[in-house]
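Undergrad: Below is the structure I would like to discuss, written out as structure tokens.
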Amino acid sequence: MAEEPLVPFLWRAVSCRCPRCGKGKLFADSLKFTERCSHCSLAIAKHDNGDGPAVFLIFILGFLLVPLALTFARYVEWPLWAYALLWGPVILGATLGMLRPAKALTLALQYRHRREVFDES
């Protein structure tokens, strides 16, 4: 079986759609996977990816936002509480905003590289 092109596959993942058909929704709640795809009946909840997406986000956002915050602090002299008021919501918003697509992407990559495990269920 030939693998499908990477770009449409990644687009389906980031838009939180089923990795097999691209039509069914992945999430029942804010961060809880559906049991099965409503379109192709792929078992999704059985293959939950745990804390992996959160760990990836910690590394990626830490790599991106810490230098940004340090550069900002170099040019703007605010009291410490003002930095906390600014960067706390920025970091929290970026993390929560990217958690669903990160979960969907890791599930889609699991599906792409271990398809036989998904098709058994």
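The values are calculated or read from the model by the stated rules, or taken from the named source; none is laboratory data. Just so we're clear, the structure is a prediction, and the values are computed from it rather than from any experiment. Positions of Cβ are generated from backbone atoms using ideal geometry, with glycine treated the same way; all protein chains shown enter the neighbour counts.
Undergrad: Being of a type in the set (V, I, T) and modelled with pLDDT of 85 or more: is that true of V14 here?
TA: Against the criterion (of a type in the set (V, I, T) and modelled with pLDDT of 85 or more), V14 qualifies.
Undergrad: May I pose another question? Filter region 26-43 down to the residues that are assigned to a loop (DSSP other than H, G, I, E, B) and either small (G, A, S) or buried (at least 16 other Cβ atoms within 10 Å of the Cβ) (or both) and list them by number.
TA: Those that are assigned to a loop (DSSP other than H, G, I, E, B) and either small (G, A, S) or buried (at least 16 other Cβ atoms within 10 Å of the Cβ) (or both): L26, A28, S30, T34, C37, S38, S41, L42.
Undergrad: Quickly run through region 70-85 and pick out the residues that are in a helix (DSSP H, G or I) and either under 23 Å from the mean Cα position of the chain (by Cα) or over 19 Å from L96 (Cα atoms) (or both).
TA: L70, T71, F72, A73, R74, Y75, L80, W81, A82, Y83
The rows are residues; the columns are (1) outside any helix (DSSP H, G or I); (2) hydrophobic (A, V, I, L, M, F, W, C); (3) surrounded by 14 or more Cβ atoms within 10 Å (Cβ to Cβ).
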{"position": "G62", "(1), (2), (3)": "no, no, no"}
{"position": "V66", "(1), (2), (3)": "no, yes, no"}
{"position": "G93", "(1), (2), (3)": "no, no, no"}
{"position": "A102", "(1), (2), (3)": "no, yes, yes"}
{"position": "L107", "(1), (2), (3)": "no, yes, yes"}
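Undergrad: OK, next. Just one of (1) modelled with pLDDT of 85 or more; (2) under 18 Å from L96 (Cβ atoms); (3) of a type outside the set (D, E); (4) assigned to a loop (DSSP other than H, G, I, E, B) trips up K23, so point out which.
TA: (2)
Undergrad: Condition first: in a helix (DSSP H, G or I) and either in contact (Cβ under 8 Å) with a residue 60 or more places away in the chain or farther than 17 Å from M98 by Cα (or both). Now tell me which residues in region 44-60 satisfy that.
TA: A45, K46, H47
Undergrad: So which of A102, A94 ends up being in contact with a helix residue (DSSP H, G or I) (Cβ under 6 Å, 6 or more places away or on another chain) and over 15 Å from A13 (Cα atoms)?
TA: Sole residue among the options that is in contact with a helix residue (DSSP H, G or I) (Cβ under 6 Å, 6 or more places away or on another chain) and over 15 Å from A13 (Cα atoms): A94.
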